[in-house]
Amino acid sequence: MTQLTKQLTQSSAIDGLEKKLSQCRRDLEVVNSKLCGAELSSEARRSLEKEKSSLMNKASNYEKELKLLRRENRKNMLLSVAIFLLLTVVYAYWAV
């Protein structure tokens with residue numbers, strides 16, 4: 001896999017995870033508003049608390065994965081810049 005293809009794949013993975021994280025946060029807001037807003041039976045409250053916990057775990061996992069992907073993306077970008085600079089120096093040396 002070429003460097004450019006790998007970066008595009010990472011970028012699309014990052015975009016996909018950001019969308020999932022955003023949806024997860026919206027769902028979490030909905031659950032929180034339901035918990036705070038209405039009188040709920042203990043079973044309904046327990047169910048919403050369980051859903052809230054699940055959503056918080058999902059969001060945490062998405063954030064961790066995003067952090068890793070962004071770090072890998074940054075590392076690949078630095079590698080690309082280093083290769084470009086190396087090729088520029090080699091070209092300048094041979095052109096003189």
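The values are calculated or read from the model by the stated rules, or taken from the named source; none is laboratory data. Keep in mind the model is a prediction, meaning the values are calculated, not measured. Counting neighbours? That spans all protein chains shown, and the Cβs are built from the backbone with ideal geometry, glycine included.
Taking Tyr91, is it touching a Lys or Arg at 6+ places or on another chain (Cβ under 6 Å) and aromatic (Phe, Trp, Tyr)?
Working: touching a Lys or Arg at 6+ places or on another chain (Cβ under 6 Å): no; aromatic (Phe, Trp, Tyr): yes.
When the stated conditions are applied, Tyr91 does not pass them.
Could you say which residue among Ala13, Ala38, Ala82 is out of contact with any helix residue (DSSP H, G or I) (no Cβ under 8 Å at 6 or more places or on another chain), modelled with pLDDT under 90 and among the small types (Gly, Ala, Ser)?
Values: Ala13 fails: out of contact with any helix residue (DSSP H, G or I) (no Cβ under 8 Å at 6 or more places or on another chain); Ala82 fails: modelled with pLDDT under 90.
When all the criteria are applied, what remains is Ala38.
So which residues in region 26-44 are basic (Lys, Arg) and surrounded by 14 or more Cβ atoms within 10 Å (Cβ to Cβ), if there are any at all?
Of all residues in region 26-44, those basic (Lys, Arg) come to 26, 34.
If the condition is that a residue be basic (Lys, Arg) and surrounded by 14 or more Cβ atoms within 10 Å (Cβ to Cβ), then Lys34 is the only one that fits.
Just one of the numbered conditions (1) in contact with a Lys or Arg (Cβ under 8 Å, 6 or more places away or on another chain); (2) without any contact (Cβ under 8 Å) to a residue 60 or more places away in the chain; (3) in a helix (DSSP H, G or I) is not true of Asn76; which one?
Here Asn76 clears every test but (2).
Among the residues of region 85-96, what is the count of those that are at pLDDT 95 or above and of a type in the set (Gly, Ala, Ser)?
0
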